Amino acid sequence: IAQVKKGPDPLTLQEKRIKDILKEAYDKYKNDQSGTNADYIPELAKVDPELFGIVVVTVGGKRYGVGDIDYTFSIQSISKVFTLAHVLQEMGSEAILDKLGAEATGMPFNSVMAVELQPGRVGNPFVNAGAMATTSLVSGKDQTEKWDRIQAYYSDFAGEPLAVITSVYKSESKTNQHNQAMAKLLASYGKMYDEPATVVDRYTKQCAIGVNTKQLAVMGATLAAGGVNPYTGKQLLSPEEIPKILSLMLTAGLYDYSGTWSYRTGLPAKSGVGGGILAVIPGKGAIAAFSPRLDQAGNSVRAQKAIAHISKELGANIF
Ligand code: DON
């Protein structure tokens, strides 16, 4: 922790303001009913759409929260950030560029056309094609070990054990034919680095990991703090890999709405169809927000609005 806390924790300096700003954002958007729950994973359609929670965690470990911050939801695509972190740490950033790529596709997150337009293009680690390719690169002597490493790594980021939400995992396993097809398609281009069916299963499981907004914010604060978990002090990846992850979050974290998001907020962020969004303020902290109703691209409406409001009030735009 000492190595990341070079001076006073800049967000903590605004302690009173942060509490007020969170409350403001919550009150401003708690009645916003635009968007709809994801329903292509049937279990996600059942989640109460009114749930809404926001948490800020600073690099110094201060936490501020409002709303349903203890509710556990599936991490979904936000998992892609942490599997990427694991693989980056194991393989280095040039291998990521070579095997996965770093270009935004400008297309929906599960687009087959994005793969076919430049045949075999994986895109980046945050679209489903690239994320499954990333998951296929996790090392281990067998499938059990590969999975255990993912789960343990995510848990280290949260600073406490995280578990799969079985109902979500089962629900998506029954309905993920599209991802199965895409994994095979990638394999046909030599872009799956493990057996496709087992990769899709591992990927589906990682998406079904349960987190609450507090845990998610700690995961983000760990990225903000140069890879050191602010609570456990554990270094989870080298600080020089962090900008690689954050740059991808900035350009591809909210899928085909990533450009608009970056334009409005100037903050690296990643969304998931479970309703969570995690934004990282480098060197300062992270904002996690959760509410199930999504826009057309698959990003939580309230979470986007709340984070945009908070980031503006805190002057968190990195540019
Ligand atoms: O693979 C899928 O479709 C989901 N498990 C995750 C997609 C997702 O979260 C995209 N998010 N906005």
On a 0 to 90° scale, report how tilted helix 177-188 is relative to the longest principal axis of the chain, with both axes built from alpha carbons and the result rounded to the nearest 10. 60 degrees
Helix 143-158 sits at what angle to the longest principal axis of the chain, using alpha carbons and giving 0 to 90 degrees rounded to 10? 10 degrees
With θ set to phi - 60° and the Karplus curve 6.51 cos²θ - 1.76 cosθ + 1.60, what are the ³J(HN,Hα) couplings of segment 63-77 in order, to the nearest whole Hz, using x for Gly and Pro? 10, 10, x, 8, x, 7, 7, 9, 6, 8, 10, 7, 5, 6, 5
For 74-82, 143-151, ranked highest to lowest by mean beta-carbon neighbours within 10 Å, the order is 74-82, 143-151
I'd like the antiparallel share, as a percent to the nearest 5, of DSSP beta bridges with both residues in the chain. 100 percent
Sum of side-chain charges, N299 neighbourhood, beta-carbon under 11 Å (Lys, Arg +1; Asp, Glu -1): +2
Taking the chain and dividing mean pair separation by its residue count, relative contact order in percent (alpha carbons under 8 Å, at least six apart): 27 percent
Projected label distance in nm at D48 and S173, using a 7 Å step from Cα toward the beta-carbon: 2.8 nm
Residue (of L185, M132, A85) at the positive-pole extreme of segment 85-207, dipole from beta-carbon charges: L185
So what's the gap between the Cα centers of segment 38-62 and segment 293-319, to the nearest angstrom? 13 Å
Compactness ratio of segment 85-207: Cα Rg over 2.2 N^0.38 Å, N = residue count? 1.03
Any chance you could run the full-extension gain for E94 through S188? It's 0.36 nm times the residue separation minus the Cα-Cα distance, nm to one decimal. 31.5 nm
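Which peptide among 100-109, 251-260 comes first, and what is the full order, when sorted by highest mean count of other Cβ atoms within 10 Å? Don't skip to the end; give the middle numbers.
Numbers: 100-109: 19.6, 251-260: 21.6.
Listed from highest to lowest mean packing, they are 251-260, 100-109.
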Compute the distance from the alpha-carbon center of segment 199-220 to that of segment 92-115, in whole Å. 20 Å
Would you calculate the separation in nanometres between label points at E145 and K19, each defined as 7 Å from the Cα along the Cα-to-beta-carbon direction? 5.0 nm
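Read-outs: derived from the displayed coordinates by stated rules, not from any lab. Being a predicted model, the structure only gives us computed values, none of them experimental. Positions of Cβ are backbone-derived with ideal geometry, glycine not excepted, and every protein chain shown enters the neighbour counts.
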